[in-house]
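Please read the structure below before turning to the comments.
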Amino acid sequence: MSWWRSLLSGGSDGDQEHTDYYTEGAQLLREEKFHEALTSFRLALRESPSDTDVMQQIAVTYTRIGMTDEAVKTYRRVLELKPHAAGAHYGLAFLLLQRGSRDEAVAHLRAFLARPPQVAAERHIAHARFTLAELTGEGELGLDAYPEQL
């Protein structure tokens, strides 16, 4: 992680053409190095201030470190810029449920399910359907509706 290695080694990344802070942040997030990931994502956002993908990763990172107020604000900012951002609707819905904002969470679950992501989102779609059915009675709530491992 270029900025991180540079900080630890006391060196400089000045000779590198460009650091992909988004990729770096994603790797750090996978490694559960949340604060370092947040720094990388913030650097990526500085390079591209309206990048909703970066903002969503920041919101995910905030959620993982327990900064849920910041995560909610960040997801809301994503939705201001990109109203149909499925990931923001999904993440925000579950944060709102934790806060007891059931009606607003239901609205975000519906928005997510209206335009779910096209790639590798089966477990999230199943989770959203199950949760919506549980909250509203909409759809079927069978044992096969919710995968055992989310």
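The values are calculated or read from the model by the stated rules, or taken from the named source; none is laboratory data. The structure presented is a predicted model; accordingly, all values stated were derived computationally and were not measured. Note: ideal-geometry Cβ built from the backbone for every residue, glycine included; neighbour counts use all protein chains shown. What goes into the accessible areas is simple: the full protein's heavy atoms, side chains included, and nothing from ligands, DNA or RNA. Shrake-Rupley method; radii C 1.70, N 1.55, O 1.52, S 1.80 Å.
Points worth noting:
- Residue match in the stretch 15-25 (condition: over 21 Å from Pro83 (Cα atoms), modelled with pLDDT under 95 and open to solvent by less than 50 Å² (accessible area, probe 1.4 Å)): yes
- Out of Leu43, Leu38, sole residue that is more than 22 Å from Ser101 (Cβ to Cβ) and in contact (Cβ under 8 Å) with a residue 40 or more places away in the chain: Leu43
- Segments classed as helices (runs of 4 or more DSSP H), wholly inside the stretch 32-106, with at least 3 members that are open to solvent by 60 Å² or more (accessible area, probe 1.4 Å): 34-47, 68-81
- Residue count for the stretch 50-77 satisfying the condition of being within 19 Å of Tyr21 (Cα to Cα) and hydrophobic (A, V, I, L, M, F, W, C): 5.
- Cβ-Cβ distances below 6 Å connect the following pairs, each with a first residue in the stretch 128-140 that is at positive phi and at pLDDT below 95, a second residue that is open to solvent by less than 60 Å² (accessible area, probe 1.4 Å) and assigned to a helix (DSSP H, G or I), and a separation of six or more residues or different chains: Gly139/Ala133.
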